[in-house]
Structure formats: structure tokens, C-alpha cells
Amino acid sequence: MLMNLKKLLFITLFFLFSFSLQAEEIKNVKNKNTEFNIYTGMFDFSDDGKRSTLIGFQHQNEDLNRDTFLGNLSPVTGAMITADNATYFYTGVQAHYKIGSLNFTPSFTPGYYNEGNGKDLGHALEFKSELQLSLELPKNSQFGLSYNHLSNASLGDKNPGANSYMFNFLKKF
């Protein structure tokens, strides 16, 4: 019971933080600095027994970006759910590198994972490392392909990890 209460509190605080950031961003809509990423793909494609389709949503605000020695970094927040009701809520950082009309976007996002009826990844805290390649389209849009790996960094008794690929549609507002 106490563990479920902790999970509920974590999810509630996560969404309150996300929505409070979004309320401030509504003021900046005219600047086209808010980017939404809707994606779908295959969760854990390398495990025949636990592979599952997924759908997700990610938000990125370019007003909060910073130029660093690693390139241009900005915060991202998102969530995904699989057909087996496994969920992952995350927030972290992504870098952005532009090569003509191609965009290369690596990211690192720790988050809360719940296995639902899907794969047991060994711990509630999981870390997602992702690489995304996208092509710019007209009207502030992009289409991309991404690959990610979820791992708990051996925090749990087991750490099987999950490899996923996604097709992304990104739109700036």
C-alpha cells in the first residue's frame, strides 16, 4: 500500500511540474519555441517473448536550452505506454545537432517505469538513452526515426534492459 502511494505521489508531482512549465510556455506560443514529439514503434524488439508496440508523447521547450561544450542542450519531458500496459514517465535532457535539413538528437532521461503486463525491467527507476535522426519538413515539422535503450544501471536485482525503435513526428508551435 505504501509503495503504491509513493508511486502515485511521484506521478502526481511529475505531472504538476510538467504542466506548470507548460503554463509558462503558452505565453511563448507565437515564438514557435515549443516542440511536441508523437511517436510509435516497437518496445523491446530484441526480446521475442516481451516485444510490444508502443506509443508516446514528448515535450521540449527551446526557451530553456543552453549552449554548452556538448552542444545545445534542452530539457525534455514525456511518457510512453506499450500494448502490454507497461508505462514510462520521464524527464531529462537532449542535445541538438543540425546537419543541413537533418537533425541528430541524442538524449538521456531518467524516469519511472511500471511493467503493467509487460517486461519486468528489475526496478522502478530506469534510465533511457536515445538517438534520434529526423528530417525537416515544411511548416515547422520533422519526421524521424529513433532508437533507445532502457536500463536500471544495476539498481535492481536484475537488469535485463529493453531496446526499442520508434517513428517520430515532431511539430513546433
Quiz item: Which part of region 121-149 falls in the paramagnetic zone of Ser101, meaning amide N under 18 Å from the point 7 Å along Cα-to-beta-carbon?
Solution: 133-145
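Counting other beta carbons within 10 Å of each Cβ, put Met42, Met80, Met166 in order, fewest first. Provide the component values of the computation, followed by the final result.
Values: Met42 16, Met80 25, Met166 22.
Result, fewest neighbours first: Met42, Met166, Met80.
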Quiz prompt | Whole-Å semi-axes of region 41-173's equivalent ellipsoid (Cα gyration tensor) | solution = 27, 17, 12
Practice problem: Pull up the cross-link candidates among the aspartates and glutamates for Lys172, meaning alpha carbon to alpha carbon under 15 Å and not fewer than 8 places away within one chain. | Solution: Glu25, Glu35, Glu62, Asp63, Glu136
Self-check item: Separation in nanometres of the label points that stand 7 Å from Cα toward Cβ, at Phe36 and Leu73
Solution: 2.8
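In which sequence would Ser134, Ser101, Ser129, Ser164 go, from the one with the fewest C-beta neighbours within 10 Å to the one with the most? Provide the component values of the computation, followed by the final result.
Working: Ser134 20, Ser101 10, Ser129 14, Ser164 25.
In increasing order of surrounding Cβ atoms, one gets Ser101, Ser129, Ser134, Ser164.
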Quiz item: What percent of all Cα-Cα pairs in region 31-89 falls in each 10 Å bin, counting up from 0?
Solution: 21, 36, 26, 16, 1
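Placing +1 at every Lys and Arg Cβ and -1 at every Asp and Glu Cβ, with all other atoms neutral, what dipole size does region 33-172 have around its Cα centre, in debye to the nearest 20? It would help to have the intermediate numbers written out before the result.
Values: 10 positive and 14 negative charges, 63 e Å.
I would put it at about 300 debye.
Only the coordinates and a few stated rules stand behind these numbers; no lab work does. Remember, predicted model here, so these are calculated numbers, not experimental data. Here the Cβ is made from the backbone with ideal geometry for all residues, glycine too, and neighbour counts use every protein chain on show.
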